[in-house]
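Data first, discussion second: the structure below is written as structure tokens.
The values are calculated or read from the model by the stated rules, or taken from the named source; none is laboratory data. Only a predicted model underlies this, so the values are computations on that prediction, with no experimental measurement involved. Cβ placement follows ideal geometry from the backbone for every residue including glycine, while neighbour counts extend to all protein chains displayed.
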Amino acid sequence: MLEFLPDVLSSLTQPLNMLLLCVGVLIGIVVGALPGLTATMALALLLPFTFTMDSDTSLITMGGLYIGGIYGGCISAILINTPGTPSAIATTFDGYPMTKKGKASQALAAAAISSGIGGIIGGLALLFLTPVLADWALNFGPPEYFWVAILGLTMIATLSSGSMLKGLIGGCIGLLLGTVGISPVGGESRYTFGFSQLQSGLELIVILIAFFCIPEVISMIENNVKSQEGVKREKGIVKTLFFYIIKKPFFIIRSSVIGIITGIIPGAGGNVASLLSYDAAVRFSNDKKSFGQGKVDGVVASETSNNAEVGGSLVPLLSLGIPGAPPAAIILGALMMQGITPGPDLMSQQPGLVYTFLIAFVIANVVMIMFGLMGSKYIGKVLSIPVSYLAPSIVFLTIIGSYAIRNNFLDVALLIGFGLLAYVMKNAGFNPAPIVLGLILGPIAERGLAQSMLLGEASGNVLALFFSRPISIVLMLLCVLSIFLPLLSKLLGSKYDDSQEKLGA
Amino acid sequence: MQKVNYNTISSVILIIVACLAIWETKGLSEMSYVFPRTIGLILLILSIAYYIKSMIKSSSSKLFEGINKRKVVIMSLSMIGYVILISLFGFLMASMLFIGWMTWYLQQHNTDKSNKAKIVHASISSISISIFFFVLFRYVFVVPLPSGLLFG
Amino acid sequence: MKRKFLILFSTACVLFILPACGANADGSESTENYPSESITYSIPFDPGGQSDVEARRQQPYLEESLDQDVVMQYKPGGGGSVGWSELINKDPDGHFISGINIPHIILQPLANDDTGYQTEDIVPVAIFQATPIGIAVSKDSDIESLEDLVKKAKESPGSITAAGSGTYSGHHIALLQLQDLAGIEMQYVPFDGAAPSIQAFLGGNAEVIFGNSSDLIKYQDDMKILAIGSEETFKPLPDVPTFKELGYDMTAGIDRGVAVPPETSQEIIETLEKAFLDILDEDGVEDDMYDEGFEPKRMGHEESLEYIEQKQSEYSKILENVEEN
């Protein structure tokens, strides 16, 4: 790697490259913060501008955008309970309650710091472990996908505040919503009720906004709440938070590892990473009850892992030419436009370019922390806007977002329809989180199940397929543990929890 | 007569949804129905459990307690109206109407402002917000925005 | 107070309607000065995909020859069906064109009733590029040739797994055609796109893979390519035999072209046809295509229509056979 250092340095010391890196991060943050406009869209929108650039400049800009976009999603998640990108979904669980308590700037600062740390860890994994990790990613076949999805679904237990039964019902509804459209393996359309636009399924972003944002906007006006008293700033908060986070190395590493692994697996993105990491944070904590009430750990867990996922999703891209997540697919497109075909040979053919990109990637994360911390001072001011102006504007922005995602008017109608339904369901005690969880994981589970069945039919034994694969067995055990451990710990009393805490966190 | 509580009503709705979901999978091939049908069945079982639970343990709390229902209904209807307006007049016009109307309506109980001031503020904010974001998305980000049937 | 509002809005409405009507009158004037405004080029897939790569290559040439801006629009969803449903409902004034893929536009309406368009609704302007579909096995496999594969499949029907992208897709139909011609049966496992199917194949989850030429070239060190679906020997893979050379009378590939909404006038179609086909004569365009694993094609409007019709009857026969079994 050292022999490429001159190349890397000469490229990175160019003022244009550094400027575009910062601009990329900044635009990414802005676009990511707008509900409905995801990191993927930020990349897609700006892709054409990179065509005329040199290949290193183009890659650096795209990397900055990707990192900024994923971070930006947390801003609207924290301020208005709306994940700006799906990756920020778990950030809403504790971020928004923090805002309600008037601690929005703390949440934003914590998100910036933990995103940056997660991103850097992800970037280092990308820099040093790419070849090892890429081979490992290939071991993920259909049965493993199925079990990852099931493992994710066991989180319903953590996420259904209040009634477990309602949480499970919500999960099933989400899973059913996820089956709308052309079936991934059978190829037939289901539950489209004659709307051809529904063949491609319900758009996750639209459902996310509908279930998280619309009910919140309605609650905003119904209670006649006075707008929050702005955001209180406490001096030295950044320093305090930084040391608070740093003092939990296991916690940070666990969240990052979850993010990196989820990133490497193609088909599971930042949303799954943030959810899994949040779930782990709750399970290993000895203060489970305070999660969901505005605990800073919840924000840290989610943000660390969704930014570590960025690095992870680029691992299979750089080593195998397979994008690990939708935004990585667009970076693949950017490379192809430059006449570079990422594949197994990329590292050996373009080592200078790859290393320049990787180091720029780490730098971009540092830039992102700086922007994030500077911004957290001012961004919170949004909340001091009176509700009579704020609420209609949020609805207006969500309409733009839901339409822009795939230029489909039906999505706008679905947004409002599902939004009103979500409001009623929320009042009837159905938490939106399990529903959205089902929608995210349903397609992964279904594809994994159906493909495993086909593979099993060919080998003559479906069960053997599930039980003969090491990763599959480990995942199955994790599922079983995840379901029964909480029950066991209840039976054995609180002793068990304490020992878990020492092991895990 | 004993009042039916909302849990019973929602459980019955859920049972109907589950049955519909299962019914809709008929005629599909195995690979297409295996997953939705299984989920439909689980939902059906859970909903029945929910129904039984709601009968045994009837909660006294009512849906939408302590909520200003009038405001919520008007807000909901306005949002539905907004969608219809977009399909007719296109995004920019509909947004001006919606933001203007909502801002004005939500200020109703504000006694510090005169009626005239409310209308002026509502109009200014609706026009400036709509145009700012319209220009930003349409021309800076080149994101297409919905156009209406009548004009766009 | 409310009246004031009404007056204000009705005035605003009138102000907006007037210019809109004017624009309409201009637009339907004639086709002589086509194109009179910027052209929207819709890609029914994600940005950065293979259709996009081609469209981006064409964009500057089109802007020059048509003397108008060409604006790209992405409308992914339903394997392209969402974008094509939009296409057929657009005004046939030539200012909205969309990339098309064959066999997608043929197979989707055949497979599902609610696809939102019929193959006949789509008016092709030109077909300019193709990605032949090839069949490959892992480099560690004991299978050395297509013959070996057919023999093995005959010995144990249904036990060979073949990965591909999507159901009722180009890969799926290629497999069905091969099964039909060779009298064999394999287990097709569809994945959610080309990249996941390659990942699954490299990970050893499937024995055989149906892949696009561009992907096969990228991973040729990790696999043995048994045959390719091009008409003649595929330049970038000179050593790989075609299906036809091996005695299976089939071609397999994804053809890319561009189409306009139904009832577009002949003059507009001709203008666009020339603009698109001329690009292939530009310096370096064909070479770039080969380098990226594509095969240049030159089919005009009439030829494309015939080609689509011929493929349609071919595919509907294959699908009927499948449904009977």
Quiz item: Is it true that some residue in segment C:302-316 is in contact (Cβ under 8 Å) with a residue 60 or more places away in the chain, in contact with a helix residue (DSSP H, G or I) (Cβ under 8 Å, 6 or more places away or on another chain), buried (at least 17 other Cβ atoms within 10 Å of the Cβ) and within 30 Å of C:Glu144 (Cα to Cα)?
Solution: yes
Quiz item: With respect to the numbered conditions (1) within 8 Å of chain A (Cβ to nearest Cβ); (2) at pLDDT below 90; (3) more than 20 Å from A:Pro386 (Cα to Cα); (4) exposed (fewer than 15 other Cβ atoms within 10 Å of the Cβ), which one is the sole condition not fulfilled by B:Asn110?
Solution: (3)
Quiz item: Does B:Leu63 meet the test of being at pLDDT below 90 and touching a Phe, Trp or Tyr at 6+ places or on another chain (Cβ under 9 Å)?
Solution: yes
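Is it the case that B:Ile22 is in a helix (DSSP H, G or I), more than 30 Å from A:Ser219 (Cβ to Cβ) and modelled with pLDDT of 90 or more? It would help to see each step written out before you state the result.
Numbers: in a helix (DSSP H, G or I): yes; more than 30 Å from A:Ser219 (Cβ to Cβ): yes; modelled with pLDDT of 90 or more: yes.
When the stated conditions are applied, B:Ile22 passes them.
So in segment A:240-273, with the set limited to residues that are among the small types (Gly, Ala, Ser) and outside any helix (DSSP H, G or I), which one is surrounded by the fewest Cβ atoms within 10 Å (Cβ to Cβ)? It would help to see each step written out before you state the result.
Filtering segment A:240-273 for residues among the small types (Gly, Ala, Ser) gives A:255-256, A:259, A:263, A:267-270, A:273.
Among the residues that remain, those that are also outside any helix (DSSP H, G or I) are: A:267-269.
Values: A:Gly267: 24, A:Ala268: 26, A:Gly269: 28.
The extreme case among them is A:Gly267.
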Self-check item: Matching entry among A:Ala39, A:Ala44, A:Ala90 (being within 20 Å of A:Asn365 (Cα to Cα) and not β-branched (Val, Ile, Thr))
Solution: A:Ala39
Quiz item: Of everything in segment A:457-481 that's of a type in the set (Ser, Thr, Tyr) and part of a helix (DSSP H, G or I), which residue is farthest from the other protein chains (Cβ to nearest Cβ)?
Solution: A:Ser472
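Would it be correct to say that C:Gln179 is more than 26 Å from C:Ser81 (Cβ to Cβ), polar (S, T, N, Q) and modelled with pLDDT of 90 or more?
Values: more than 26 Å from C:Ser81 (Cβ to Cβ): no; polar (S, T, N, Q): yes; modelled with pLDDT of 90 or more: yes.
Spelling it out, it is not the case that C:Gln179 is more than 26 Å from C:Ser81 (Cβ to Cβ), polar (S, T, N, Q) and modelled with pLDDT of 90 or more.
Working carefully through the options A:Ser10, A:Ser55, find the one that is surrounded by fewer than 21 Cβ atoms within 10 Å (Cβ to Cβ), of a type in the set (Gly, Ala, Ser) and closer than 19 Å to A:Ala328 by Cβ.
Numbers: A:Ser10 fails: closer than 19 Å to A:Ala328 by Cβ.
Criteria check complete, one pass: A:Ser55.
Considering each residue of segment A:235-257, count those that are touching a residue at least 24 places away in the same chain (Cβ under 8 Å) and over 16 Å from A:Ile70 (Cα atoms), and give that number. Break it down stepwise before answering.
Our first condition is that a residue be touching a residue at least 24 places away in the same chain (Cβ under 8 Å); within segment A:235-257, this holds for A:237-238, A:241-242, A:244-245, A:248, A:250-257.
Cutting the leftovers down to over 16 Å from A:Ile70 (Cα atoms) gives us A:237-238, A:241-242, A:244-245, A:248, A:250-254, A:257.
Of the residues in segment A:235-257, 13 are touching a residue at least 24 places away in the same chain (Cβ under 8 Å) and over 16 Å from A:Ile70 (Cα atoms).
Identify, from the list B:Leu136, B:Leu92, the residue that is more than 7 Å from every other protein chain (Cβ to nearest Cβ), surrounded by 15 or more Cβ atoms within 10 Å (Cβ to Cβ) and of a type in the set (A, V, I, L, M). Talk me through it step by step, then tell me what you get.
Values: B:Leu136 fails: surrounded by 15 or more Cβ atoms within 10 Å (Cβ to Cβ).
The unique qualifying residue is B:Leu92.
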Exercise. Please verify whether segment C:227-237 includes one or more residues that are surrounded by fewer than 23 Cβ atoms within 10 Å (Cβ to Cβ), more than 23 Å from C:Tyr307 (Cα to Cα), touching a Phe, Trp or Tyr at 6+ places or on another chain (Cβ under 8 Å) and outside the structural domain of C:Val137 (by TED's automatic domain parsing).
Key: yes
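Would you pick out the residues in segment B:94-152 that are of a type in the set (Val, Ile, Thr) and either closer than 18 Å to B:Lys71 by Cβ or in contact with a His (Cβ under 8 Å, 6 or more places away or on another chain) (or both)?
Restricting attention to segment B:94-152, the residues satisfying the condition of being of a type in the set (Val, Ile, Thr) are B:99, B:103, B:111, B:119-120, B:124, B:127, B:129, B:131, B:135, B:140, B:142-143.
Passing the criteria: B:Ile99, B:Thr103, B:Thr111.
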Self-check item: Failed item in (1) in a loop (DSSP other than H, G, I, E, B); (2) touching a Gly at 6+ places or on another chain (Cβ under 6 Å), with A:Gly72 passing the rest
Solution: (1)
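Do any helices (runs of 4 or more DSSP H) lying entirely in segment A:336-407 carry at least 3 residues that are aromatic (Phe, Trp, Tyr), and which ones are they?
Working: elements: A:346-349, A:351-379, A:387-404.
Once the helices (runs of 4 or more DSSP H) in segment A:336-407 are filtered for at least 3 residues that are aromatic (Phe, Trp, Tyr), what remains is A:351-379, A:387-404.
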Quiz item: Which of the following residues is surrounded by 13 or more Cβ atoms within 10 Å (Cβ to Cβ), more than 24 Å from the chain's Cα centre (by Cα) and within 9 Å of chain A (Cβ to nearest Cβ): B:Ile42, B:Ile86?
Solution: B:Ile42
Quiz item: Out of (1) within 30 Å of A:Leu241 (Cβ to Cβ); (2) over 24 Å from the mean Cα position of the chain (by Cα), what's the single condition that is false for A:Met337?
Solution: (1)
Exercise. Scan segment C:146-168 for residues that are closer than 30 Å to C:His104 by Cβ and more than 8 Å from every other protein chain (Cβ to nearest Cβ) and jot them down.
Key: C:Leu146, C:Leu149, C:Val150, C:Ala153, C:Pro157, C:Ala162, C:Ala163, C:Gly164, C:Ser165
Quiz prompt | Within segment C:83-138, tally of residues that are within 12 Å of chain A (Cβ to nearest Cβ), touching an Asp or Glu at 6+ places or on another chain (Cβ under 9 Å) and within 30 Å of C:Lys235 (Cβ to Cβ) | solution = 1
Practice problem: Among the helices (runs of 4 or more DSSP H) lying completely within segment C:209-325, list those that include at least 3 residues that are of a type in the set (Ser, Thr, Tyr). | Solution: C:301-324
Practice problem: Could you check C:Gly193 against (1) over 23 Å from the mean Cα position of the chain (by Cα); (2) under 25 Å from C:Leu110 (Cα atoms) and say which number it fails? | Solution: (1)
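Residues that are in contact with a Phe, Trp or Tyr (Cβ under 7 Å, 6 or more places away or on another chain) and either more than 14 Å from chain C (Cβ to nearest Cβ) or without any contact (Cβ under 8 Å) to a residue 12 or more places away in the chain (or both): find the helices (runs of 4 or more DSSP H) completely inside segment A:108-218 holding 1 or more of those.
Once the helices (runs of 4 or more DSSP H) in segment A:108-218 are filtered for at least 1 residues that are in contact with a Phe, Trp or Tyr (Cβ under 7 Å, 6 or more places away or on another chain) and either more than 14 Å from chain C (Cβ to nearest Cβ) or without any contact (Cβ under 8 Å) to a residue 12 or more places away in the chain (or both), what remains is A:164-178, A:204-208.
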Quiz item: Restricting attention to segment A:390-422, and to residues there that are more than 8 Å from every other protein chain (Cβ to nearest Cβ) and in contact with a Pro (Cβ under 6 Å, 6 or more places away or on another chain), which single residue is farthest from A:Ala210 (Cα to Cα)?
Solution: A:Gly401
Exercise. Could you list all residues from segment B:75-124 that are assigned to a helix (DSSP H, G or I), farther than 22 Å from A:Ser219 by Cα and small (Gly, Ala, Ser)?
Key: B:Ser87, B:Ala94, B:Ala117, B:Ser123
